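Here's the structure, in structure tokens; my notes come after.
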Amino acid sequence: MSPHTPFPAAVPSLPSHQTPRSIPALREFIDDPASPFNVALNGGVDPGGLMGKWMVPVLERLVRDGQAAREVLGGGWDKGGGRGKEVVVLWALATYFTDPVTPETHPADLVHLANANIRTIDPAMLRNHSITAKLGDLSNGILAAAKLHGIVDHTLQPLWTLLHKTRGASSVTLTPIHAPFIEACLLVRNLDVAMTLLEIPITDVASCPLKYMDYLAYHYLGAQVYIALQQWKRAREMLRAVVCAPGTSVSAVQIAAHKRLVLVNLIIDGTEPTYPRFLPGNLLGAFNTHASDYTDVARAYTTSNEGRLGDVLRKSDGFRRDGTYGLLLCAYEVLPAHKLLKIRETYVRISLGELARRISGAFGDVSEDEAEALVMQLVKQGTLSARIVHPSQGPATIEFTDDPEPYNSPTTVDTLGVRAMEMQEMSRMLGGMEQALSVHESWLKEVIRRDEKRPGEGKAVDVPSKGDGKGNVRGVGSNWADAGF
């Protein structure tokens, strides 16, 4: 999607306010070149945190004075030629949301106040690092206030606009606004809008200031969208990105992602998920401690222990609390299909009646008609290659055949064409990253240092990056820097 693409779906219009006057104190603050705001904007720093300290009382007055807030919404400051007033307001809002004057509530007007300033702010203003670092707090604060007042649908437009202005021309850059925007889409069940963002692959996590939780939340919430749409394989990719994200401590989001990944993997393959060797031991230990019920389900599922599976279904309070009960039911629903695919590994031909008997279980008997319908469904999905033979005499049989190779079908050709273009773009991007790395000053110094002859050595030794001289890699999986982010 082009970065200039407008918001893809209609949302309720926000109220407009007319302003009879502006706020002189704030205008003077903005217009004064020596004010902390302008010093920070020009120098990229906020000396002593003066901007935040000054703006919180200003916002407190705005919150107490409804008329003043409406004046802000009307854009009265623009008439005075105030430079960058939107940045001041958004900065103050972000500060207020993280250290609120009245913690028990966020006035609804703040959502409209944010929208009015996001709509008119110059995208160049958001390139300032001190401003960009506040956008996550701002976005989450807007969403929290909207939840409180039941106006989450009013946040889609401002969050989309803020995201678009922050990432600029790069649609592959992850920003702190991605996760709050997707969460808002989930809350109002506008999954089509969320998909317009998720369909763009994220390949850049370095250009925009990110917190560790921004990365986890984006992939976790994205997985929730794919789960709602039953796009299981895409959901699995997003959940694995959360679970395998390097970190120095265990996140509750990673545990929640692991629970869902176990069930999603059962739905797709009927097996328990496997993780890379570099996954920290404390993370695996947390999974065993806090997700033991899911491990039990996976083991009972893979061994066809239907008695144990029935016990889990009868005592499912934990799954309901986790919000995974629906996934559990989906996994149980596809259990006959996984049984059928296992039978395919053993039999070349089997009667329809015998097949129905073998895929029946503790959750109910499967009739011959249901077994035949299941075979046809799997064949249609491309999961199974088989044909049903109805002889004039005797029982109907299922004959499993070799997988066909429909590589010349129009659908397959189109799919391969799209994938080829994606791979070409990925290759171009990786080539650019490799070129940038090859001329990076610190990298060159490291290579030169390692290639220098050491006392007693007759030739240069090539040691892997982040090595200890013996080829042992240090710190893998411990933090973002070690992962190359």
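The values are calculated or read from the model by the stated rules, or taken from the named source; none is laboratory data. Just so it is clear, the structure is predicted and the values come from calculations on it, not from any experiment. Using ideal geometry, Cβ is built from the backbone for each residue, glycine included, and neighbour counts are taken over all protein chains shown.
Looking at A179, A235, which is the one that is touching a helix residue (DSSP H, G or I) at 6+ places or on another chain (Cβ under 9 Å), among the small types (G, A, S) and either farther than 26 Å from G318 by Cα or touching a residue at least 40 places away in the same chain (Cβ under 8 Å) (or both)?
A179
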TODO: Evaluate the following for Y347: is it among the hydroxyl-bearing types (S, T, Y) and more than 30 Å from the chain's Cα centre (by Cα)?
DONE: yes
Open item on the list: For region 251-272, give me each residue that is closer than 16 Å to V225 by Cα and among the β-branched types (V, I, T).
Closed with: V253, V264
Open item on the list: Going by what's in this entry, would A286 be described as assigned to a helix (DSSP H, G or I), modelled with pLDDT of 95 or more and surrounded by 16 or more Cβ atoms within 10 Å (Cβ to Cβ)?
Closed with: no
Task: Of all residues making up region 410-433, the number that are modelled with pLDDT under 75 and surrounded by fewer than 11 Cβ atoms within 10 Å (Cβ to Cβ) - done: 2
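Test Q224 against the stated conditions and say whether it is at pLDDT below 95 and either surrounded by fewer than 16 Cβ atoms within 10 Å (Cβ to Cβ) or part of a helix (DSSP H, G or I) (or both).
no
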Task: Of the criteria (1) buried (at least 21 other Cβ atoms within 10 Å of the Cβ); (2) polar (S, T, N, Q); (3) farther than 30 Å from D293 by Cα, which one N265 fails - done: (3)
TODO: Determine, yes or no, whether V297 is among the β-branched types (V, I, T), part of a helix (DSSP H, G or I) and modelled with pLDDT of 85 or more.
DONE: yes
- [ ] All but one of (1) surrounded by fewer than 16 Cβ atoms within 10 Å (Cβ to Cβ); (2) part of a helix (DSSP H, G or I) hold for L309, so report the exception by its number.
- [x] (1)
- [ ] Please work out which one of (1) farther than 30 Å from I388 by Cα; (2) at pLDDT below 85; (3) surrounded by 13 or more Cβ atoms within 10 Å (Cβ to Cβ) is the condition G361 fails and give its number.
- [x] (1)
Open item on the list: Pairs please, first residue from region 414-430 and touching a residue at least 24 places away in the same chain (Cβ under 8 Å) and in a helix (DSSP H, G or I), second anywhere and of a type in the set (S, T, N, Q) and surrounded by 10 or more Cβ atoms within 10 Å (Cβ to Cβ), Cβ atoms under 9 Å, 6+ apart in sequence or on different chains.
Closed with: M426/T203; M429/T203
- [ ] With the condition kept exactly as written, say whether any residue in region 251-259 is over 19 Å from D214 (Cα atoms), out of contact with any His (no Cβ under 8 Å at 6 or more places or on another chain), charged (D, E, K, R) and outside any loop (DSSP other than H, G, I, E, B).
- [x] yes
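Tell me, which residue of region 364-385 that is small (G, A, S) and in contact with a helix residue (DSSP H, G or I) (Cβ under 8 Å, 6 or more places away or on another chain) is surrounded by the most Cβ atoms within 10 Å (Cβ to Cβ)? Walk me through it before giving the result.
Taking region 364-385 first, the residues small (G, A, S) are 364, 367, 371, 373, 382, 385.
With in contact with a helix residue (DSSP H, G or I) (Cβ under 8 Å, 6 or more places away or on another chain) added as a condition, the list becomes 367, 371, 385.
Numbers: S367: 13, A371: 24, S385: 14.
Filtering first and then ranking leaves A371.
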Open item on the list: Against the conditions (1) over 32 Å from the mean Cα position of the chain (by Cα); (2) at pLDDT 75 or above, where does L93 fall short? Just the number, please.
Closed with: (1)
Open item on the list: Kindly evaluate V334 against the criterion of being among the β-branched types (V, I, T), out of contact with any Pro (no Cβ under 7 Å at 6 or more places or on another chain) and closer than 30 Å to S170 by Cβ.
Closed with: no
TODO: Select the helices (runs of 4 or more DSSP H) contained entirely in region 121-206, then report the ones holding at least 2 residues which are more than 22 Å from V89 (Cβ to Cβ) and within 19 Å of the chain's Cα centre (by Cα).
DONE: 178-187, 191-198
TODO: Examine region 129-152 for a residue that is among the hydroxyl-bearing types (S, T, Y), touching a Cys at 6+ places or on another chain (Cβ under 9 Å), closer than 19 Å to S207 by Cβ and in contact (Cβ under 8 Å) with a residue 40 or more places away in the chain, and state whether such a residue exists.
DONE: yes
Open item on the list: Being modelled with pLDDT of 75 or more and either under 38 Å from the mean Cα position of the chain (by Cα) or closer than 30 Å to S249 by Cα (or both) is the requirement here; does M376 meet it?
Closed with: yes
TODO: Tell me the strands (runs of 3 or more DSSP E) entirely within region 325-405 that contain at least 2 residues that are closer than 24 Å to N265 by Cα and touching a strand residue (DSSP E or B) at 6+ places or on another chain (Cβ under 9 Å).
DONE: none
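Answer with yes or no whether S292 is of a type outside the set (V, I, T), surrounded by fewer than 18 Cβ atoms within 10 Å (Cβ to Cβ) and within 24 Å of the chain's Cα centre (by Cα). Can you show your working first?
Working: of a type outside the set (V, I, T): yes; surrounded by fewer than 18 Cβ atoms within 10 Å (Cβ to Cβ): yes; within 24 Å of the chain's Cα centre (by Cα): no.
No.
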